[in-house]
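Heads up, the thing below is written out as structure tokens.
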Amino acid sequence: MEIDKAINECDDRRLKTKYNNAIYVIKRALALYPVQEVALSFNGGKDSTVLLHLLRAGCFLHKAEENNSGGDAADGGKTFPIRTIYFESPSAFPEINSFTYEAASIYNIQMDIIRLDFKSGLEALLKANPIRAIFLGVRIGDPTAVGQEQFSPSSPGWPPFMRMNPILDWSYRDVWAFLLVCKVQYCSLYDQGYTSIGSIHDTVPNALLCTRNSDSNEEKFKPAYLLADGRLERAGRAKKNSSAVCGKLSSISNGLKMENLNSGSMLTASIITVGDEIFSGLAL
Ligand SMILES: Cc1cc2nc3c(=O)[nH]c(=O)nc-3n(C[C@H](O)[C@H](O)[C@H](O)COP(=O)(O)O)c2cc1C
Ligand SMILES: Nc1ncnc2c1ncn2[C@@H]1O[C@H](COP(=O)(O)OP(=O)(O)OP(=O)(O)O)[C@@H](O)[C@H]1O
């Protein structure tokens, strides 16, 4: 199985540990729930893409252990056995839609396209299918991760199912290390400077990846995997309450509250003085 092989052959020890822990969670989930009772919530984003490949590897390894065949699962892990759901929205980027559909075709994924809001869509899904647990690509740091663990029952008021978050403890760097080491395809927007993708109305490339051509002054963006500080991955996402004006954003949040940046740290500033400008009042 190419994902498992790529990780085993790489020399990134941290990535190996993250991978092994996520595979452990997936294998326990598959031991708890029959495969017909689990689903993957996939939206073509980077975290979803990581999860998809972890599940491909996890299903393969689980099946191999069940068969006690030393890794020789019948179809080499080519058919993806988990029902997959995609909440398609008219405000999704076309690149996200096309990548999602492409992934479904490449990996033989049975994908249910749901054109309802999350809650109503899940209610309909659970009514029509025996789904009891859903894999999500939620990570600590996502606003929706607050209070969640690797296995978290859905919230009160939501239909009852188990949310399973195998990459909850993965960092931005872990996500990119995995995608690059495994050499898997990801949505093209990430190569255009998008580091976290919401809707077309609230997402722009991450300004921290912006470069300017010194001759033409043309603005370009480096790929997402070059973002040095993963805490700023949501810098291209608008705040929930910021308003869009004529399709443009009136304000963009960097996704970090100032108190997050400052908590527990001492702020320092340096001033270099040459001569006696400060003392003579000329410094400003
Ligand atoms: C499969 C699935 C299960 C979810 N379960 C819950 C839930 O139990 N409780 C809840 O408050 N939100 C739930 N949500 C909603 C998400 O927490 C979140 O609001 C949604 O992903 C939108 O995030 P965004 O605003 O960053 O796009 C669920 C979403 C999905 C796709
Ligand atoms: N429209 C959707 N359809 C299906 N699942 C979704 C949808 N939106 C969110 N999810 C689930 O929630 C998870 C977290 O979403 P989030 O937007 O944080 O991550 P991502 O889209 O994978 O990556 P990125 O942060 O780069 O956009 C997804 O990995 C997926 O499991």
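The ranking of Cys182, Cys187 from fewest to most other beta carbons within 10 Å of each one's beta carbon is Cys182, Cys187. Summarising the amide proton neighbourhood of Phe135: residues at separation of 5 or more, or on other chains, whose placed amide H is nearer than 5 Å comprise Ala39, Leu40, Ser41, Met164.
Applied to segment 33-46, the Karplus parametrisation 6.51 cos²θ - 1.76 cosθ + 1.60 on θ = phi - 60° returns per-residue 3J(HN,Hα) values of 10, x, 4, 5, 9, 10, 9, 10, 9, 10, 10, x, x, 5 Hz, with x for Gly and Pro.
Measuring against 29 Å, Cα to Cα, the residue pairs Lys183/Lys220; Lys5/Lys220; Lys16/Lys127 contain Lys5/Lys220; Lys16/Lys127 as the ones spanning a longer distance. For segment 189-194, backbone phi angles converted through the Karplus equation (6.51, -1.76, 1.60; θ = phi - 60°) give residue-by-residue couplings of 4, 5, 7, 10, x, 7 Hz, Gly and Pro being listed as x. Ranked by how many other Cβ atoms sit within 10 Å of their own Cβ, fewest first, the residues Arg212, Arg132 fall in the order Arg212, Arg132. The 3J(HN,Hα) values that the Karplus relation (6.51, -1.76, 1.60; θ = phi - 60°) gives for segment 100-113 are, in residue order, 4, 5, 5, 4, 4, 6, 4, 9, 6, 9, 7, 10, 8, 8 Hz. Gly and Pro appear as x.
Note on Ser152, Ser120, Ser196, Ser216: ascending count of other Cβ atoms within 10 Å places them as Ser216, Ser120, Ser152, Ser196, the fewest first. Candidate cross-link partners of Lys27 among the aspartates and glutamates, defined by an alpha-carbon separation under 18 Å and a same-chain spacing of 8 or more, comprise Glu2, Asp4, Glu37, Glu65, Glu66, Asp72, Glu149, Asp169.
Relative contact order (percent) for segment 147-227, with alpha-carbon contacts under 8 angstrom and 6 or more residues of separation? Relative contact order here is 21 percent.
FYI, it's all coordinate maths here, none of it is from the lab. Predicted model, so just to flag it, every value in this text is computed and none were measured. Positions of Cβ are backbone-derived with ideal geometry, glycine not excepted, and every protein chain shown enters the neighbour counts.
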